[in-house]
Amino acid sequence: MHTFAKKQIQIICERPILKRVQRHLTEAGVKGFTVFPALSGSGSEGEWDREGMIGDAGQMVMVLVVLDPEDLDRVLADIFDVVSPQMGVITISDVAVVRSDRF
Amino acid sequence: MHTFAKKQIQIICERPILKRVQRHLTEAGVKGFTVFPALSGSGSEGEWDREGMIGDAGQMVMVLVVLDPEDLDRVLADIFDVVSPQMGVITISDVAVVRSDRF
Amino acid sequence: MHTFAKKQIQIICERPILKRVQRHLTEAGVKGFTVFPALSGSGSEGEWDREGMIGDAGQMVMVLVVLDPEDLDRVLADIFDVVSPQMGVITISDVAVVRSDRF
Amino acid sequence: MNEILALASANLLSPAVLFFALGFLGTMAGSQLTLPEAVAKTLSIYLMLAIGFKGGVAVAEHGLGIDILLALGAGVVLSALIPLVAFALLSVMARLDRVDRAAVAAHYGSISIVTFVAASEALRVAGLSFEGYLVAVAAVMETPAILVALYLAHAGGARPGANARSGARQEGLLSEVMLNSSVVVLIGSFVIGFLTGPKGLADIGPFIVDPFKGVLCLFLLDMGAVAGRGIRSGWKHMSPGLVLFGLVMPYVGAVFALGAGLAIGLSTGGVAILMVLGASASYIAVPAALRLALPEARPSIYLTLSLGITFPMNLTIGIPAYIALARLANG
Amino acid sequence: MNEILALASANLLSPAVLFFALGFLGTMAGSQLTLPEAVAKTLSIYLMLAIGFKGGVAVAEHGLGIDILLALGAGVVLSALIPLVAFALLSVMARLDRVDRAAVAAHYGSISIVTFVAASEALRVAGLSFEGYLVAVAAVMETPAILVALYLAHAGGARPGANARSGARQEGLLSEVMLNSSVVVLIGSFVIGFLTGPKGLADIGPFIVDPFKGVLCLFLLDMGAVAGRGIRSGWKHMSPGLVLFGLVMPYVGAVFALGAGLAIGLSTGGVAILMVLGASASYIAVPAALRLALPEARPSIYLTLSLGITFPMNLTIGIPAYIALARLANG
Amino acid sequence: MNEILALASANLLSPAVLFFALGFLGTMAGSQLTLPEAVAKTLSIYLMLAIGFKGGVAVAEHGLGIDILLALGAGVVLSALIPLVAFALLSVMARLDRVDRAAVAAHYGSISIVTFVAASEALRVAGLSFEGYLVAVAAVMETPAILVALYLAHAGGARPGANARSGARQEGLLSEVMLNSSVVVLIGSFVIGFLTGPKGLADIGPFIVDPFKGVLCLFLLDMGAVAGRGIRSGWKHMSPGLVLFGLVMPYVGAVFALGAGLAIGLSTGGVAILMVLGASASYIAVPAALRLALPEARPSIYLTLSLGITFPMNLTIGIPAYIALARLANG
Ligand SMILES: Nc1ncnc2c1ncn2[C@@H]1O[C@H](COP(=O)(O)O)[C@@H](O)[C@H]1O
Ligand SMILES: Nc1ncnc2c1ncn2[C@@H]1O[C@H](COP(=O)(O)O)[C@@H](O)[C@H]1O
Ligand SMILES: Nc1ncnc2c1ncn2[C@@H]1O[C@H](COP(=O)(O)O)[C@@H](O)[C@H]1O
Ligand code: NA
Ligand code: NA
Ligand code: NA
């Protein structure tokens, strides 16, 4: 099948800043994203685990954005500014899609 | 470690068609897949959020399939037919695995 | 934006061995990881579905580790030993990150 | 008239409606008052189990007769008829393409069990009782509306491409709808209630009767929040005509049900409940079925209408109005 | 005999068993009647908390004596002995390799707390009571079976490779099993019930006593659905011999427990409960432990047997049969 | 003195505290006794709904007066004042940088509604009642502490880079905090309780009153497990000075509240509750707000202190001590 090269940004960030991340993504003109819940994890600030927790602090989520390579730098710079003062990790990878126009 | 090149298909699709997607994957001879729940998201049809919801409509899930590059086109074509009339996104990426025979 | 090449290991493994996997990752000097819950799936041992379940057996999780390519082989060998007698799948892929020192 | 106002204000000032308002207004103001999905789903199963079981016990106590068959028949007819009316009304009131119109129509032919539950509480406050088997009528009203709507969608030749895979799409649709867990829990609990009768109710009453109203409050807090969120995000898809449809259509459905209820000789409370079934719009079984059967139809339209406009209207003003009408008519 | 039939039909027509049947049959027919995982887990914690607490209160009321030690000892012995019998029986009845046989045996030596709960309800209906400390006996019966099964698996030299990493694998296994949350909640609540006594029960009774049966119904709806799903997907791994084993083995375990119960002088209700413990098979603690300790053993076999065959059999026919037997034997 | 000991031991041997201890000790020993996140969140909403509603009903019964305004004012003052004291104390007792000190201070100025709930149960046991509107006071005490702490953090020029984006960071912070769902549910339920009064309480009492204590036990099992996990993972970030702060600061806050409570003429029970508010530290609204407003502050410090040290201390020893002090002072 004929496919097109796109980029996928994977943002593992804190739940309390999710709204902010979403707003910046939308403002950057991203056409879509999907958010996944994480269960637990470990990083430079130590371990965390959602089991039993009631507040939003200490919850990490993963935001997945598939986008056109042209938009990557702009979106990335914007999101990096939002996420970097917080806990979390951003990675970029190559993906292929079938319908180019949707991203 | 010696690794083998495989493909990973990532299908973000609506919960109500999950059964259908699974059936098609199985019929296409895929050796395995894993389904992950999504929390919320945004796309051409607007935003959605699972918090507080009771029905299956409006829930997106992500199906991850690792498979042999040889099988990619066949499986992709089949799944694309199922998913494309619905909301959702399919991406393909390159991955490496340690045991080749399992995919 | 300037980015650095890293590797991402994606470990789909059984919930009961998660603690063990985490211990091995930490001992292997990995700087961080994140765990995601899976909903359902299918593999050589048949299908599973978390809906309605109460015990840990039969739950799969996905552990995502972003790490330096230099550390890949060591970590992979270690984790492969832990996971391979169990159900599950390990894949490796290329990712790019903005801040190199964190991985 | 005084009585109607008293009924309306008793309803509006009941904890259940106030918690709904809290969820709705709090969400409008920007708060997130939803329950976690897992819990919201469980509460809806609880409500279905409780209402089904109690209906079954009521039938066990009062005996099974021909009237139940009549009522089931009336339910099927209403569920098939109301979508036709809704479809026609929509053609006049809003600019939607055929598929969206059919999808919306399906929701109004089907029913909302939470509205049913809220209405049964309001009836109790008003000192009215209703035929227990109406729970079973609620269950049978889920399906016919979907079939009629599919017919409506395809009759005129749906959007290009829509028919292409419709064969594949319809695979197992009917069984999917009839085996929808909400329908099965409702009917199953009804049968269990019927089999175990008052003794069974005594056993599990402290779970399904005593805390019922409180659980309903918690659930309506969540529903209010979901409705508020629906309005926030779906408002841009609404036209004045559509909003008006969402407010008026319930009364149209209710009037048809009133006729049916009187025709088959239901009690005043029973007529009111049948009106509520006619007036209410689905937001569990039908949307899920339509994602399978009519993926081109837009949830932002049908869900906003059913959850964001019709449900709140029914809960606050509709229920007392239907009760009052049933009283007048059966008076 | 009449009495036995009355007991059996009272059990079969109890709301709890009927809701289990609803979940089971509904799933067989293709519906999805499970509760969300988070809620199912919580309900199982609730049941454990409630049953543990009530057991502790019962002991506080009746005093602590040597009999509790005897019963604990009997529990340990049964839990170690039954797997040996199960292993031997399996060698005759089915073609499984050693590791799978050992894994299945572990499940039957251990216990199912939900079966315990259902049996205690059936006893109440039958007008029998039982020694409160049997809850603690249930808790100690989780572990020995696993150890014996591990010995059985390795005694003959397990599958090639199985021993390779077994050192690493056993790291912390014992503490893992004994600290399994279900065991800790059961024992912990037992101790708290013992410490706070009837006053504590009066405090939290409206949570753990009044709605208990209703919660059990909801939980059994879920268990029925899970069991039905297990049968659907696991059926192809079952041979006639295995199915027969799943139906017969509980009675073998029950008879051993009958002997033990009579030997240590339990009441009729107590004997019946001990029989239920002997007869029931684990599906929480043991499967999780075996994924760690015996990953080569196939869950599709042991879980299908324990959840799909033995659990439904015990719940429907087993429990009344054990009660009847206990009555006969204890005169 | 005897009375104090009786109070303390009644508290320590209440099911609620014992379940907390079970969660805490079980987790320390390596077990996982947490509830699923979805359920833990729901239980906390339930507690807030119940306590808010009951407070509103109490106010409806006793009438609304100037005293409620006085109490709200006292709450705001306490919530703004206590962080200043905490900040100063921390400067002496521990080596933390400014931002961490400010963050910790915010938690102690704010309140823990679960501690409030546990205290209200202890008061009932002690035969004391309190002013219903103190629930509303609890709600207003969430916010001022955060604002004062932000001022403290930035007054000295926070860590380099911290101010850089603080404009962006503060976007919507205030509304975020005041619309935090826990605050909205508490206040909203209070208002609904006030509007529906004793009649509303009769309606939903079987849900929010009868099982309340039992639900609290289940919730405290979870809280104990979370606190134990916090101590396990956060212990390495604690210095002796910090631990001491976590144990002593509540009493400092309580003494300020004692003064305020006496000044505005609260009842003995009311004074004790206000002391509990002064003494307790937030772990829902404040941590979430600080992740937005002060991301440089380390949760491993503030959460370990508030959840791992202060909460258990208040629950076990603090509450009876505050009640005893309130009795002595209001004598
Ligand atoms: N190398 C990594 N791979 C995957 N997830 C990570 C990694 N580093 C950090 N994380 C996730 O991001 C969270 C915050 O990381 P940190 O900012 O390093 O404390 C961690 O708790 C993990 O959930
Ligand atoms: N570019 C994207 N990246 C990640 N997820 C997406 C993207 N576009 C759409 N999605 C997901 O797919 C859903 C349906 O998208 P759509 O069909 O565009 O309405 C969205 O709500 C998102 O959850
Ligand atoms: N090819 C695959 N792609 C994605 N997930 C897989 C794949 N194979 C196995 N899995 C996951 O790993 C679990 C165990 O697989 P197995 O060890 O093959 O039974 C399955 O139930 C799936 O959740
Ligand atoms: Na309707
Ligand atoms: Na057993
Ligand atoms: Na405080």
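Structure notes:
- Criterion: touching a Pro at 6+ places or on another chain (Cβ under 8 Å) and either crowded, with 24+ Cβ neighbours inside 10 Å or closer than 22 Å to D:GLY75 by Cα (or both) - qualifying residue of D:ALA281, D:ALA285: D:ALA281
- Hey, D:LEU35 within 13 Å of another protein chain (Cβ to nearest Cβ), open to solvent by less than 30 Å² (accessible area, probe 1.4 Å) and either closer than 30 Å to F:PHE194 by Cβ or more than 16 Å from ligand 2 (Cβ to nearest atom) (or both) or not: yes
Results for (1) crowded, with 17+ Cβ neighbours inside 10 Å; (2) touching a residue at least 40 places away in the same chain (Cβ under 8 Å); (3) among the small types (Gly, Ala, Ser); (4) facing chain E (nearest Cβ under 10 Å), shown as yes or no for each residue.
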site	(1), (2), (3), (4)
C:TRP48	yes, no, no, yes
C:ASP56	yes, yes, no, yes
C:VAL65	yes, yes, no, no
C:PRO85	yes, no, no, yes
C:ARG102	no, yes, no, no
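- All positions within the range D:257-271 that are open to solvent by 50 Å² or more (accessible area, probe 1.4 Å) and assigned to a helix (DSSP H, G or I): D:LEU262, D:ALA263
- F:ALA105 meets the conditions (1) touching a residue at least 60 places away in the same chain (Cβ under 8 Å); (2) under 27 Å from F:PRO295 (Cα atoms) in every case but one. The failed one is (1).
- Of the residues making up the range D:232-256, those that are within 14 Å of another protein chain (Cβ to nearest Cβ) and open to solvent by 60 Å² or more (accessible area, probe 1.4 Å) are D:ARG232, D:TRP235, D:LYS236, D:HIS237.
- Count of the range E:305-331 residues, restricted to those that are open to solvent by 10 Å² or more (accessible area, probe 1.4 Å) and under 12 Å from the mean Cα position of the chain (by Cα), is 2.
- Inspection of the range F:192-208 finds no residue satisfying the criterion of being crowded, with 24+ Cβ neighbours inside 10 Å and more than 14 Å from chain D (Cβ to nearest Cβ).
- Note on the range D:68-90: residues that are of a type in the set (Val, Ile, Thr) and surrounded by 23 or more Cβ atoms within 10 Å (Cβ to Cβ) amount to 1.
- Under the condition of being within 14 Å of another protein chain (Cβ to nearest Cβ), of a type outside the set (A, V, I, L, M) and farther than 22 Å from E:VAL137 by Cα, the residues counted in the range E:276-315 number 9.
- Residues of the range B:1-37 classified as surrounded by fewer than 22 Cβ atoms within 10 Å (Cβ to Cβ) and within 14 Å of chain D (Cβ to nearest Cβ), total: 9
- Qualifying residues in the range F:51-67 (those that are among the small types (Gly, Ala, Ser) and buried (at least 24 other Cβ atoms within 10 Å of the Cβ)) - the one farthest from the chain's Cα centre (by Cα): F:GLY56
- Qualifying residue in the range D:8-16 (condition: under 30 Å from A:PRO37 (Cβ atoms) and either away from ligand 1 (no atom under 16 Å from the Cβ) or in a loop (DSSP other than H, G, I, E, B) (or both)): no
- Residue match in the range E:218-229 (condition: aromatic (Phe, Trp, Tyr), crowded, with 24+ Cβ neighbours inside 10 Å, within 29 Å of F:PHE24 (Cα to Cα) and away from chain D (no Cβ under 14 Å)): no
- Qualifying residue in the range A:13-28 (condition: among the hydroxyl-bearing types (Ser, Thr, Tyr), over 25 Å from F:GLU176 (Cβ atoms) and more than 16 Å from ligand 3 (Cβ to nearest atom)): no
- Here is the figure for the range A:5-23: residues that are modelled with pLDDT of 95 or more, more than 11 Å from the chain's Cα centre (by Cα) and of a type outside the set (D, E, K, R) total 1.
- Residue that is nearest to the chain's Cα centre (by Cα) [pool: residues in the range E:123-139 that are within 19 Å of E:VAL255 (Cα to Cα) and among the aliphatic types (A, V, I, L, M)]: E:ALA138
- Residue in the range B:67-78 that is open to solvent by less than 20 Å² (accessible area, probe 1.4 Å), away from chain D (no Cβ under 14 Å) and within 26 Å of D:VAL177 (Cβ to Cβ) present: no
The values are calculated or read from the model by the stated rules, or taken from the named source; none is laboratory data. These numbers come from a predicted model, not from an experiment. Note that we place each Cβ from the backbone using ideal geometry, even for glycine, and neighbour counts take in every protein chain shown. Just the protein is used for accessible areas: all its heavy atoms, side chains included, with ligands, DNA and RNA removed. Shrake-Rupley method; radii C 1.70, N 1.55, O 1.52, S 1.80 Å.
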